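Please read the structure below before turning to the comments.
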Amino acid sequence: MCNVFLIAIIFYDHRLHVPEFMAVANLALVDIILITSLVPGMIKTYIVLDNVVPFKLCLVQMMTSTPPSPHNRSRSEDEDDPVDGMISRTGCAELHYALQECMAEHQDWRKCQTEVQKFKECMTTYQNTRKVQLLKQRTSATQSA
């Protein structure tokens, strides 16, 4: 509520249209956006135990993430990558590696549509199976309580 009030004051008072107050208004807006979008998702994840990431978000994160600099790695070369571990548990590791190879070769995700579709189908199957497992766990936990 205070953030909305702050933005309204800065918007209506023309004397406050200077960079300092515009920065404060931007911070207030970012605070509103984060509270209304991230917090409900976190609550859903912790209460419902629904820790499955939708395929579209997974693909966006995979395509936009930059590899770590070889000079500034926080883990050793021998240590397994946690993302690789998570993907291997889904049973879609081979399709993931095929997609990575296609991306490395073509440098354009549009040329890798068959690999993307195969990986998407595999991940969707895993997500549906995982949802059923979580629902069974949740119903058995509520029945035992």
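The values are calculated or read from the model by the stated rules, or taken from the named source; none is laboratory data. The structure displayed is predicted, hence computed values, not measured ones. Don't worry about glycine lacking a Cβ; one is built from the backbone with ideal geometry, like all the others, and counts go over all protein chains shown.
Output yes when any residue across region 15-31 is part of a loop (DSSP other than H, G, I, E, B), modelled with pLDDT of 75 or more and either out of contact with any strand residue (DSSP E or B) (no Cβ under 6 Å at 6 or more places or on another chain) or not hydrophobic (A, V, I, L, M, F, W, C) (or both), and no when none is. Walk me through how you get there before you give the answer.
First, pick out the residues of region 15-31 that are part of a loop (DSSP other than H, G, I, E, B): 17-18.
So of that shortlist, the ones also modelled with pLDDT of 75 or more come out as 17-18.
Subset that is either out of contact with any strand residue (DSSP E or B) (no Cβ under 6 Å at 6 or more places or on another chain) or not hydrophobic (A, V, I, L, M, F, W, C) (or both): 17-18.
Yes; the residues of region 15-31 include at least one that is part of a loop (DSSP other than H, G, I, E, B), modelled with pLDDT of 75 or more and either out of contact with any strand residue (DSSP E or B) (no Cβ under 6 Å at 6 or more places or on another chain) or not hydrophobic (A, V, I, L, M, F, W, C) (or both).
Where the second residue is surrounded by 13 or more Cβ atoms within 10 Å (Cβ to Cβ) and of a type in the set (Phe, Trp, Tyr) and the first is closer than 13 Å to residue 62 by Cα and lies in region 98-111, which pairs have Cβ atoms under 8 Å and are six or more apart or on separate chains?
Close Cβ pairs (under 8 Å, with a partner that is surrounded by 13 or more Cβ atoms within 10 Å (Cβ to Cβ) and of a type in the set (Phe, Trp, Tyr)) amount to 99/119; 103/109.
State yes or no: is residue 95 within 19 Å of the chain's Cα centre (by Cα), surrounded by 13 or more Cβ atoms within 10 Å (Cβ to Cβ) and in a helix (DSSP H, G or I)?
Working: within 19 Å of the chain's Cα centre (by Cα): no; surrounded by 13 or more Cβ atoms within 10 Å (Cβ to Cβ): yes; in a helix (DSSP H, G or I): yes.
The answer is no for residue 95.
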